[in-house]
Every structure is written in C-alpha cells, then in structure tokens.
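Presented below is the structure to which this report refers.
Nothing in this text is a laboratory measurement; each read-out follows from the coordinates by a stated rule. Keep in mind that what you see is a predicted model, and the values were worked out from it rather than measured. Every residue, glycine as well, gets a Cβ built from its backbone with ideal geometry; the counts of neighbours run over all protein chains shown.
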Amino acid sequence: MKRTSKFSALLIAVALVSPTLAHGVDAIPEQWATLPAPGAGYIGYEANESAFANTEASTWINFTSDNGKMDGKVTNVAICNTGAEVGCTYSVYSSYRAVLPVCADASDINCISEIFATDANGGKLAIGSATVFPANNPQAFAGNKALNVPRGSGAALVSIAGAPHAGGDKYLVKTTLSSKRTDDQTTFQTPRLSASITAVKIIEGDFFDLATETNTAKYDQVGRIAVGTTQTKPGLDGKPSKLCVAASTTQCALPYSMPKDIAFGFSLRLNTNLSGWLHGRMKNAVIDYKTTDGITNLTVNANPISVPLIDVWSKSEDLSDAHVASYLTQFWGGEAMHYPLSSETGGLPITNAEKTREGMKNISFKHINGSFSKSSMDNFLLWLPIAKDKAAAMPTQWRLGTMTDNGSGVVKDCLDKEKTLAGVVTTNSTMYIDGPPVFGDGMLDYKVASTHYEADGTTLFKGTYELIMSSAVARCIYKFTSAPISATVSITSENGQANAATTVVNEKNGWLTLAAYGFTFSTPTVRVKLTQEAAKPVVLKKTTITCVKGKIIKKVTAVNPKCPTGYKKK
C-alpha cells in the first residue's frame, strides 16, 4: 500500500491502528503516537503540530479533468519532473512542493546556503557535511526555471557533535517552497515557505514513503482524495511511518527532543521575494533578510521550544451540542473509523446518516487540528476542559512558515506598500491565530491559547511570545517618522487582569523586536503599543551684532543679523 501525500488531498484517512509507542513518563514526546479510539461512539481531538513537517516531501503533480475545470471528474494525475512529461501540460490544476537541497556552489539558487548552530555561550558548533535524506526520493524533480518551479530534493541531514540528543547527533533540516496553478492562472502563485529543524535518528525498517497517489479512481474531485478509499485495509500494518519526519520505504528519520540551550539556524538563497508574514515555533529568534539583484537571502537563527500537545477522547453522548455540531465542519480534517473493525467496514466512506449524534453510535471520529484559524481556536477552547487543561506531552519544535492570513486594514495596506518581509511571530502556545497582530485603538493585539499545566499536571506552563517586525512596516502602520520608536508589551489574562511577564523591546538593523516571556494561560492576549515622541519645534537662536556709521552705533539682534545700509559690522 502506498501512503498518500497530504499535499495532494484534503484527506480522511481510515486509519484504525497507530504505531504503539509508550505514552508514559519515559516516552519521547516527539514520538507521540495518536491515542486510538476506545470504541464506537467516541469523538476525539488532537492538537499536535509535531506531525506537520512529517507530511512534506518533494512532489510536482498535474491534474486533468474531463471538463477542464476544478469540478470535473479527474481523468489523469501525472508526476512531473521538468513539466515536459506526458500529462504535465497544464490544464486545470498543478501544484508542487519542493524540499530545497543544499546549494551546490555560490551561484546556486533556491537552496540552503548554510546550516549552523551555536552553544549557550555563543560558540559556533562544527557541522558535518550534509547528505540528502531520503537518498532515493521517487518524486524528486528537476524543476523548470521558465515556469518558476524550483527543483525538489530531499531534506538535508547533518551531524552536530556539539549538540548531542537521546538519539545521537543527527539533525534534519527541511526547507520547503510550495505553490499551485488553478483554472486560468498563467503561472504559479508566489510560493509559500515552510521550514523545520529536527533532532533525528535514522532507523532501518519497513516504512511508507510519501509517494503521491496517481490512481484517478481514488479522487472524488481535482486535488482531493475520495473519502474512505485511501487504504485497502484498516491499520498501518505496524509501520511507524506517521512518526517519521521523513522516510523512504526502508529508512525513517525518527524525531527526538532537541537541546533547548542550542540555537540552530540556516541561510536560504532564493529567486523569490518572501513578502508577507512568517510564524513559527522558536525562541530568541534573530532574522536577516536582504534582496539584491532579484536574489533573496534569508537567515534565521533561534532556539527550539516545547509546545504542549493535547490528545483526548470523549463519549459523543457526553459532549455538548457545540462539540457535536462542529463534527460536520471538522470532518475533512480528521480520521474516522467504522465499528466493528474490519477490512470491509474500514474501507467504506462515512455516510451522511453517520454524521449525526445518533449515527455516531457505530463510528468514532477524531479531529486532528491542522490550521490556526479563528474556528480552530474556538474548537481548541471547546476541548481544553475535556483535556483537563493539561498537556498530553511537551515535544520540542523548531519551525517556521508563511502565514495564511496577511491581515487586513492598515496592516495589509502597509505590507502591500513596503513589499517586503513584514515580520515574524513566534510563540510556544498550542493555539494562536495564523495572521499578524490585529491593529486597533493604537494597539497590536495577538490572541494565544494553551493548557494551563504541562504534562505532569502540576507544573505551570509558561508562555513565550516574540514579534520581530520590519521597522519600515511598523512606521507605516503608526505613521511614524524615522526617529526612534518606544514600545510596551503587556499580557492580559482572559479575566482582564494583567498577567506578569518579562518583556524585551529593541530596534536594530531595520528590525523591531518585542517579546514577552513567562506568562501563564489559558487564553491571554498579548498587547503591543508603539509610541514615538512628537518632534520638537526647532528654535532658531538669535544673535546680536554691533554696527557703526561714523560716530553712530547700532546694535542689531536677529537670527541672521545684518548691518543696515551704510553701516559696517564692528
């Protein structure tokens, strides 16, 4: 059986058995295996961002439909290398995800130009030579410069002896550009960036790679896998592919906890402008962004952070109407399973009758959060009490990606005007809104939500928030001059009371950095206020001169005094 790339479909996986790794105190949090349903009639929820990078592998695919439109029946799905292959002539929908390779030389573009790490004292650590992982990627592609499609490779695997972890000293650096063409678009849209650095151990075994499904019968519409047909039998046959950050059919990059006192980073050389906002999972982030002669250089350096995940099940009959009502809207973002478990029932689509409170008696459903929209935030808050406001595990993460939403109003207007990277927002909060801070009443507000406690149920979870903002964009939003900017960062709890935090504000090299550390949850609001002193009027100083004409003496006082006609300055 071939595992289908998440990139090619909005997917309901009829996945009944997860890899069974321990969930006890000695378990490795990055290897959290999703909790299976206790039986029929349960609804579950999981917010575990660790798995996001696991679904990213290089692929370039082109769809053809019977009517030449997105709503047509899929007649062909082609895997492309240069775009000249049979079936790769664009018609209705094409998409690529390119995992970027390490640069071959100083002239190479759309690649990783440097990987680096520094210890707690700022000392630079030695980085071993990078290799490509997985080495044999069946869907790596050469790309096409004319179509603005970069080449897609495997991730960069390096050894960092000075940064050992429980699985060894290897790290996987995965930087990805992705884009698509739909309908009558003449070219691919501006690509989105996603990047991750993960501590890994390479293990041998029998795994599923992320080869894209090309069987047209599997698709119920262009770009979307048909419900209930992604597997021919229940279960993953014990293969722990879901836990692999990257995998081939014989090797898996298994994740481990990262040392949080080590700062990791990379530099990218791209032929595309990364205008917009980035969001990420990191701490003490430092970025550098320059575009010269059409080439963009982005450097990111930061420490990893621990992010609480929650994973919980509840009897559907015990849940509120709000939980059950959200079941329909969540359905495309989760895993559904029939009971009793069998190859026959496991491979069948979930029916409309089963998408009701009564119909759920014969199935169980888990919503796996895959976005950071307002509706996702609302849903997370519904499940937080069910999870007893406690994390299931605290995996480390180092991630960065393009925001889905670039804001509205003056924030978006300034972004469009400056046409540059506007900023980066990072937090260790489980949930946040995938967009820049909201501007209103002179404030930049950012809503976050997380568990109140860590996985042990007693340790208070302490939040971090960092906003690294282009000084030019900040001045545009506030209509400031080039004079220095002052700022305050405050945390307001859900009850409206101030939430104690350590804040940091500085401006350097064209970037304004604002941060708050040590605040508690569940749903605080981070509020930033920027100010600038009004320019003081220039007071011109007057001076007095003495002028003489014969025996007559006159004193003249002015900003720029001059003697009258016939008088001489004494």
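Among the chymotrypsin sites (Phe, Trp or Tyr not before Pro) within region 434-494, those in coil by DSSP and having at most 16 neighbouring Cβ atoms inside 10 Å are F480. Annotation: amide H-H contacts under 5 Å for W511 (H modelled 1.01 Å from N, sequence separation of 5 or more, or interchain): S471.
Projecting the Cα atoms of N509, V245, L309 onto the charge dipole of the chain, computed from C-beta unit charges around the Cα centre, puts N509 farthest toward the positive end.
So, counting K/R as plus one and D/E as minus one, what does the shell of residues with Cβ under 12 Å around R527 add up to? Once positives and negatives cancel, what remains is 0.
Model label sites at K290 and E418, defined 7 Å from Cα along the beta-carbon direction, differ in position by 1.9 nm. Of L278, L210, P138, which is farthest towards the positive pole of the chain's charge dipole, taken about the Cα centre with +1 and -1 on the beta-carbons of Lys, Arg and Asp, Glu respectively? Checked the options; the winner is L278. What the phi angles of region 158-165 give under the Karplus curve with 6.51, -1.76 and 1.60, with θ = phi - 60°, is a coupling list of 10, 9, 10, 4, x, 10, x, 9 Hz, glycine and proline written as x.
Given R₀ = 45 Å, what would the calculated FRET efficiency be for A40 paired with T481, taking r from the Cβ atoms and rounding to 0.05?
Details: r = 65 Å, r/R0 = 1.45.
FRET efficiency, A40 to T481: 0.10.
Loop-located trypsin sites (Lys or Arg not before Pro) in region 363-441 (DSSP state other than H, G, I, E, B) with a sparse environment of at most 15 neighbouring Cβ atoms within 10 Å: K388, K419. Between the beta carbons of S129 and Q497, assuming R0 = 51 Å, the FRET efficiency works out to 0.45 to the nearest 0.05. Could you state the orientation-averaged shadow area of the convex hull built on the Cα atoms of region 403-531, in nm² to one decimal? Orientation-averaged projected area of the Cα hull: 8.1 nm².
When the square roots of the Cα gyration tensor eigenvalues are ordered a ≥ b ≥ c, the ratio a/c for region 33-137 is 1.5 or more and a/b does not exceed b/c, which makes its shape oblate. The H on the amide N of A155, modeled in the peptide plane, is under 5 Å from the matching H of F133, each at least 5 residues off or on a different chain.
What's the local net charge at T503, with K and R +1, D and E -1, over the other residues with C-beta under 12 Å away?
Values: positive: R527, K529; negative: E466.
It works out to a net charge of +1.
Which of F439, A455, L125 sits farthest toward the positive end of the charge dipole of the chain, with +1 on the Cβ of Lys and Arg and -1 on the Cβ of Asp and Glu? So the residue we want is F439.
Neighbouring Cβ atoms within 10 Å as the yardstick, rank C414, C244 fewest first. Please list the in-between numbers first.
Numbers: C414 21, C244 27.
Sorted ascending by nearby Cβ count, the order is C414, C244.
For region 30-44, putting each phi into the Karplus relation 6.51 cos²θ - 1.76 cosθ + 1.60 with θ = phi - 60° gives couplings of 5, 9, 4, 9, 3, 5, x, 5, x, x, 6, x, 10, 10, x Hz, in residue order, rounded to whole numbers and with x for Gly and Pro. For region 147-154, the Karplus equation 6.51 cos²θ - 1.76 cosθ + 1.60, evaluated at θ = phi - 60°, returns couplings of 8, 6, 10, x, 6, x, 10, x Hz by residue, with Gly and Pro reported as x. Of all aspartates and glutamates in the structure, the ones whose alpha carbon falls short of 12 Å from that of K447, not counting any fewer than 8 places away in one chain, are D378, D434, E494. Pull up the DSSP beta bridges for region 20-178 and report the antiparallel fraction as a percent, rounded to 5. That works out to approximately 95 percent antiparallel. Which one is right for this structure if Cα Rg over 2.2 N^0.38 Å is calculated from it: (i) 1.46; (ii) 1.29; (iii) 1.16? Answer label, from the structure shown: (iii). The label-point distance for I553 and L540, in a model that sets each label 7 Å from Cα toward Cβ, rounds to 2.8 nm. By the count of neighbouring beta-carbon atoms within 10 Å, fewest first, S314, S371 end up ordered S371, S314.
Counting Lys and Arg as +1 and Asp and Glu as -1, what is the net charge of the other residues whose Cβ lies under 14 Å from the Cβ of H452? Intermediate values should be presented prior to the final figure.
On the way: positive: K388, K390, K462; negative: D389, E454, D456, E494.
Taking every Cβ under 14 Å from that of H452, the sum is -1.
Tell me, which longest segment in the chain has none of the GluC sites (Glu not before Pro) that fall in DSSP loops with at most 10 further Cβ atoms within 10 Å?
Maximal segment without exposed cleavage sites: 1-357.
The modelled label-to-label distance between S107 and T216, using points 7 Å beyond Cα along the C-beta direction, is 4.3 nm. If you plug the beta carbon distance of T250 and D441 into 1/(1 + (r/R0)^6) with R0 = 56 Å, you get a FRET efficiency near 0.45. Mind running the shape call on region 129-284? Use the C-alpha gyration tensor, a ≥ b ≥ c as the square roots of the eigenvalues: rounded below 1.5 for a/c, prolate if a/b tops b/c, oblate otherwise. Oblate shape, in that a/c is at least 1.5 and b/c is the bigger or equal ratio.
How long is the gain from T55 to A142 if the chain were fully straight, where each residue apart is worth 0.36 nm and the alpha carbon distance is subtracted? Present the calculation step by step, with values, prior to reporting the outcome.
Working: separation 87, 0.36 × 87 = 31.32 nm, distance 2.06 nm.
This chain segment gains 29.3 nm when fully extended.
Suppose every Lys and Arg Cβ carries +1 and every Asp and Glu Cβ carries -1, with no other charges. What dipole size does region 436-527 come out with about its Cα centre, to the nearest 20 debye? If you can, show how the numbers build up before the last one.
On the way: 6 positive and 7 negative charges, 70 e Å.
For region 436-527, the charge dipole is close to 340 debye.
Panel order for H367, H452, by other beta carbons found within 10 Å of each beta carbon, from fewest to most: H452, H367.
About its Cα centre, how strong a charge dipole does the chain have in debye, to the nearest 20, once Lys and Arg get +1 and Asp and Glu get -1 at the Cβ? Show your work: numbers first, answer last.
Details: 55 positive and 47 negative charges, 832 e Å.
Here the chain has a charge dipole of around 4000 debye.
In the chain, what percentage of the DSSP-assigned beta bridges are antiparallel, given to the nearest 5?
Details: 137 of 149 bridges.
DSSP beta bridges in the chain are roughly 90 percent antiparallel.
Full extension of the segment from N81 to A322, taken as 0.36 nm per residue of separation minus the current Cα-Cα distance, would add 82.1 nm.
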